[in-house]
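Asker: Structure provided below as structure tokens; questions to follow.
The values are calculated or read from the model by the stated rules, or taken from the named source; none is laboratory data. This structure is a prediction, so every number in the text was calculated from the model and none was measured. Here the Cβ positions follow ideal geometry from the backbone for every residue, glycine too, while neighbour counts run over all protein chains shown.
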Amino acid sequence: MNETPAPRVVRTVREFTSGLQKWFAGHRQLQDVAISGEISGLHPFSGHLGFTLKDEQSVLECVVWSDKRRLLPELKNGTSAIAIGSVRIRPDRSGYQLIVDSVELTGLGELFLLFERLKEKFRSEGLFEIARKRAVPELPRRVALISARGKAMEDFVETIQRSVPFVEVEFIETKVQGMAADVEISAAIDDASRRNVDAIVLTRGGGSYEDLFPFNLEAVVRAIVRAKHPVLTAIGHSGDHHLADDVADMTFGTPSLVAEHIARGWILAQRRLQTGKRDLLRATRDVFGRAAQRIDASKRELDRVGVRTIAVKRAALAERTQRLDRQNPQRVVAERRERLAATSGKIDTAFARLMSRKAHMWGESSAALKRCAPAYLAGVLRRLERAEDALNGLDPLRPLSLGYAIVLHDGKAVKDVSAIKAGDELEARFERGMARARVESVRQDG
């Protein structure tokens, strides 16, 4: 006879992890344990402290709550230590961690010793000197980004595209942890130096002390020093520090902060441009405003001067018009006609009065004239006869009627023979007609 299998028990994730928590808490070998290793990945959070203990093959996550943290000695990455505490499960990640109550320092780890040796070497060469570092352009147009694909690269690119999308980003992908990562990072920096960029950004996200240690190695440091362009670094978390940061020209806590710094110059330039534009517009408005005021004042003054000038010109024109009217020939003729008509009327009146008086006088003297007229006319006739006789005696042509002639030479009467000579042509004028003759000889009587 077949047995019926027992029904399977199904638990929720919470129920399962809670059971594991109770199992971990119930085992004495997981309580008050002491574990040795090298400290790495120190990172504070919310007042607490997290780190890892590691050896050549394994890694253990450790947490120090805030009430225990102040009782611990100063911890540094690369330090060998013994952590004492209890193992607890992490239900949110299905992992386990050591809740640390105390730590005993036992010495320095191999990575920390290597870090100190390289640090002293680079310091003696002057690679950390401020005077050696290059100035980062205030307005970079093209940037080389050296990083692995992931959150760090995305944060940088998103910040650039949001703030200054016109800045070009040339992405150079590289390995950032593990075996030979320092060689790849160095080669990527040399590649960026050969490109036409204004700056090189070297970045990666957070990680353990061991994961980030390639950025302390000599190959990376030397590549940063010989780079042809300024190098900006943002490696790990804000609290992490590496020798690559010490020789870089500028270093930042996160990739986003690097991008914001690159964008800051452009943003400030844009603000200065906007401020300059506002100042220029304000100055332009002021200049045009003052010019408009001067133009208005000049226009008002010109209007006043124009009104006065026009008034003076109009008065002069009116005066000249009056003078011209007075000198107008038609007007002069009309005025003179009027005066002539007036004068004519006066003359006619005076003549009428004169004629009236003369008619009266003529009437009175007509009888006297009739009385003395015969005697007066007889005397006049006698005087006229005597004058006629005298005039007849003075007539130069009268002798011609008696047979005499007038001799002319060149149109003049010849009175003396000395005025002519033989060969001259003469004219003789008679009472009737004229004759032309030539002088044969001249003789003066004596």
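Asker: For K22, state whether it is closer than 25 Å to V100 by Cα and either modelled with pLDDT of 80 or more or touching a Leu at 6+ places or on another chain (Cβ under 7 Å) (or both). Walk me through it before giving the result.
Answerer: Values: closer than 25 Å to V100 by Cα: yes; either modelled with pLDDT of 80 or more or touching a Leu at 6+ places or on another chain (Cβ under 7 Å) (or both): no.
Here the answer is no, as K22 does not meet what is asked.
Asker: Here's a follow-up. Can you pull out the residues in region 225-252 that are touching a Phe, Trp or Tyr at 6+ places or on another chain (Cβ under 7 Å) and either part of a loop (DSSP other than H, G, I, E, B) or free of Cβ contacts under 8 Å to residues at least 12 places away in the same chain (or both)?
Answerer: The one that is touching a Phe, Trp or Tyr at 6+ places or on another chain (Cβ under 7 Å) and either part of a loop (DSSP other than H, G, I, E, B) or free of Cβ contacts under 8 Å to residues at least 12 places away in the same chain (or both): H242.
Asker: Applying the selection to region 244-266, what residues are in contact with a Leu (Cβ under 6 Å, 6 or more places away or on another chain) and within 13 Å of L202 (Cα to Cα)?
Answerer: Answer for region 244-266, where residues must be in contact with a Leu (Cβ under 6 Å, 6 or more places away or on another chain) and within 13 Å of L202 (Cα to Cα): V247, M250, V258.
Asker: Test each condition in (1) hydrophobic (A, V, I, L, M, F, W, C); (2) in a helix (DSSP H, G or I); (3) modelled with pLDDT of 90 or more; (4) crowded, with 18+ Cβ neighbours inside 10 Å for L212 and report the one that comes out false.
Answerer: Of (1) hydrophobic (A, V, I, L, M, F, W, C); (2) in a helix (DSSP H, G or I); (3) modelled with pLDDT of 90 or more; (4) crowded, with 18+ Cβ neighbours inside 10 Å, only one is false for L212: (3).
Asker: Looking at region 140-149, is at least one residue in contact (Cβ under 8 Å) with a residue 60 or more places away in the chain and in contact with a Lys or Arg (Cβ under 8 Å, 6 or more places away or on another chain)?
Answerer: Within region 140-149, one or more residues are in contact (Cβ under 8 Å) with a residue 60 or more places away in the chain and in contact with a Lys or Arg (Cβ under 8 Å, 6 or more places away or on another chain).
Asker: So is S147 surrounded by 14 or more Cβ atoms within 10 Å (Cβ to Cβ), more than 23 Å from D190 (Cβ to Cβ), small (G, A, S) and in contact with a helix residue (DSSP H, G or I) (Cβ under 6 Å, 6 or more places away or on another chain) or not?
Answerer: Criteria not met by S147.
Asker: Is one or more of the residues making up region 119-134 in contact with a strand residue (DSSP E or B) (Cβ under 7 Å, 6 or more places away or on another chain), in the same structural domain as T251 (by TED's automatic domain parsing) and crowded, with 17+ Cβ neighbours inside 10 Å?
Answerer: At the first step, the residues of region 119-134 found to be in contact with a strand residue (DSSP E or B) (Cβ under 7 Å, 6 or more places away or on another chain) are none.
No, the conditions are met nowhere in region 119-134.
Asker: Can I ask one more? For region 412-425, give me each residue that is over 21 Å from L402 (Cα atoms) and not in a loop (DSSP other than H, G, I, E, B).
Answerer: K412, V417, S418, A419, E425
Asker: Shifting gears a bit: Hey, does region 279-288 have a residue that's more than 21 Å from I160 (Cβ to Cβ), assigned to a helix (DSSP H, G or I) and aromatic (F, W, Y)?
Answerer: Yes, that holds for at least one residue.
Asker: Now for a different question. Out of all the residues in region 60-70, is one or more in contact with a helix residue (DSSP H, G or I) (Cβ under 9 Å, 6 or more places away or on another chain), surrounded by fewer than 15 Cβ atoms within 10 Å (Cβ to Cβ) and more than 22 Å from T106 (Cα to Cα)?
Answerer: Looking through region 60-70, none of the residues is in contact with a helix residue (DSSP H, G or I) (Cβ under 9 Å, 6 or more places away or on another chain), surrounded by fewer than 15 Cβ atoms within 10 Å (Cβ to Cβ) and more than 22 Å from T106 (Cα to Cα).
Asker: Find all pairs meeting these conditions: Cβ atoms under 6 angstrom apart; at least six residues apart or on different chains; first residue within region 209-224 and more than 12 Å from H241 (Cα to Cα) and assigned by TED's automatic domain parsing to the domain that holds A192; second residue β-branched (V, I, T) and surrounded by fewer than 19 Cβ atoms within 10 Å (Cβ to Cβ).
Answerer: Correct list of pairs: A219/V183.
Asker: Is there a residue being in contact (Cβ under 8 Å) with a residue 40 or more places away in the chain, surrounded by 10 or more Cβ atoms within 10 Å (Cβ to Cβ), assigned to a loop (DSSP other than H, G, I, E, B) and assigned by TED's automatic domain parsing to the domain that holds R123 anywhere in region 258-268?
Answerer: No, region 258-268 contains no residue that is in contact (Cβ under 8 Å) with a residue 40 or more places away in the chain, surrounded by 10 or more Cβ atoms within 10 Å (Cβ to Cβ), assigned to a loop (DSSP other than H, G, I, E, B) and assigned by TED's automatic domain parsing to the domain that holds R123.
Asker: Any idea how many residues of region 189-200 are in a helix (DSSP H, G or I) and surrounded by fewer than 23 Cβ atoms within 10 Å (Cβ to Cβ)?
Answerer: Qualifying residue count, region 189-200: 3.
Asker: May I pose another question? In region 55-114, which residues are under 30 Å from T12 (Cα atoms), at pLDDT below 85 and acidic (D, E)?
Answerer: Within region 55-114, just D92 meets the criteria.
Asker: Something else now. Examine region 76-83 for a residue that is touching a residue at least 24 places away in the same chain (Cβ under 8 Å), not in a strand (DSSP E or B) and not small (G, A, S), and state whether such a residue exists.
Answerer: Yes, there is a match, as at least one residue in region 76-83 is touching a residue at least 24 places away in the same chain (Cβ under 8 Å), not in a strand (DSSP E or B) and not small (G, A, S).
Asker: Would you check if there is a residue in region 106-123 being in contact (Cβ under 8 Å) with a residue 24 or more places away in the chain, assigned to a strand (DSSP E or B) and at positive phi?
Answerer: Yes, because at least one residue in region 106-123 is in contact (Cβ under 8 Å) with a residue 24 or more places away in the chain, assigned to a strand (DSSP E or B) and at positive phi.
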